[in-house]
Amino acid sequence: MADRALTPLVSINIPCFHQLHHLRRCVDSILAQTLSDFEVTLLDDGASDEYRDYARALGDARLRYVRNPARLGAMRNMFQAIAAGSGRYTIAFHEDDLLGRRYLEAAVAILESDRSCGFVGAQMHTFEAEPAPADLDRPLPPSSVESYADGAAFVRALARGINPMFGSIVYRRAAVAAVVPAHEEYATLVDRPFLLTILERWSAAVIRAPAVWYRAHGDGDRRHDAMMPEHILRLFARYRAALPADLSDDDRRLFYDFSGYWLFTLHRLVPDAAQWPLRRFALRAWRDGLYDPRWSRGVGRKRLIGRTLTGR
């Protein structure tokens with residue numbers, strides 16, 4: 001067995017690509033954690049000497065720099081980061097985001113107390129202006145934690161508005177050991193199916209109180225340039241498959257409200273040249289049991305007709 005004194009409890013792995021000005025603040029928030037038993041690995045996807053020099057100058061034995069031998073791209077570097085390090089728990093954290101001081105301690109406490117829990121995440125909280133020090137040091141009461149026994153419970157939570165930030169997920173390393181992300185099947189939407197695969201064998205939890213801050217990317221965000229209509233439909237088919245085959249009225253209303261909004265919101269993010277005509281997209285989703293305007297308060301029949309006519 002590895003010497004516990006030499007093996008960190010948590011591996012914090014940061015995919016990096018030409019945002020050193022944000023990374024400095026990100027690392028500050030990590031080094032301020034109330035839980036200090038961790039290692040930090042910078043996974044540089046841009047071959048930047050500035051990152052290497054920064055890591056050396058920091059002079060913290062817990063932090064190391066690794067340069068990718070070849071460019072992976074954002075999503076593949078993110079998933080490489082999930083598996084990096086040697087800690088019992090692992091997190092792939094975005095270099096432009098911030099950790100609340102108490103987050104690692106809270107997430108690890110949940111994982112340590114429940115051996116069936118495969119991952120813990122934090123509800124998405126977006127920021128443009130820097131959070132105040134008091135916000136970053138905010139207590140995380142147990143009442144703010146929601147637990148999910150399986151994929152169905154997780155999908156219901158997503159439909160209710162729970163939105164765990166993917167970069168906040170603290171994984172039990174054993175829970176991700178054999179999980180392979182389906183990049184070709186889902187493109188930039190691969191994160192949720194990845195979590196649902198974990199939930200086939202493990203439970204999960206989300207901290208709803210502000211614990212992690214996600215930097216707003218603005219109008220120039222091109223993360224979804226590789227997304228196609230097929231990827232969106234596969235994502236919602238994965239959501240639907242996690243629920244019972246025979247939906248109760250509550251599940252039917254919840255799921256179709258959710259899909260009626262997000263199917264079309266995501267479709268608008270598809271690059272113009274790859275978008276389907278809206279009528280084709282809606283009818284395909286309806287045929288596949290992923291959308292039903294009779295139950296949806298998102299895009300219902302009247303709004304669908306209007307959008308089909310305007311193309312919006």
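Looking only at the stretch 208-251, count every residue that is open to solvent by 60 Å² or more (accessible area, probe 1.4 Å), out of contact with any helix residue (DSSP H, G or I) (no Cβ under 7 Å at 6 or more places or on another chain) and touching a residue at least 12 places away in the same chain (Cβ under 8 Å) and tell me the total.
Adding up the residues that qualify gives 1.
Show me the strands (runs of 3 or more DSSP E) found entirely inside the stretch 47-148 where at least 3 residues are among the hydrophobic types (A, V, I, L, M, F, W, C) and in contact with a Lys or Arg (Cβ under 9 Å, 6 or more places away or on another chain).
117-122
Quick check, is TRP295 under 20 Å from ALA241 (Cβ atoms) and at pLDDT below 95?
Against the criterion (under 20 Å from ALA241 (Cβ atoms) and at pLDDT below 95), TRP295 qualifies.
So which of VAL179, VAL120 ends up being closer than 12 Å to ALA205 by Cβ and either in contact with a helix residue (DSSP H, G or I) (Cβ under 6 Å, 6 or more places away or on another chain) or free of Cβ contacts under 8 Å to residues at least 40 places away in the same chain (or both)?
Answer to the check: VAL120.
Give me a count of the residues in the stretch 178-227 that are at pLDDT 95 or above and part of a loop (DSSP other than H, G, I, E, B).
So the answer is 14.
Out of the stretch 20-38, which residues are surrounded by fewer than 20 Cβ atoms within 10 Å (Cβ to Cβ) and outside any helix (DSSP H, G or I)?
Scanning the stretch 20-38 gives ALA32, GLN33, THR34, LEU35, SER36, ASP37.
From ALA55, ALA83, ALA134, ALA61, grab the single residue that is modelled with pLDDT under 95 and surrounded by fewer than 16 Cβ atoms within 10 Å (Cβ to Cβ).
None of the other options fit; the residue is ALA61.
The values are calculated or read from the model by the stated rules, or taken from the named source; none is laboratory data. Values in this document were obtained by computation on a predicted structure and should not be read as measured data. Backbone-built Cβ (ideal geometry, glycine too); neighbour counts: all protein chains shown. SASA here: full protein model, heavy atoms, side chains in, ligands and nucleic acids out. Shrake-Rupley method; radii C 1.70, N 1.55, O 1.52, S 1.80 Å.
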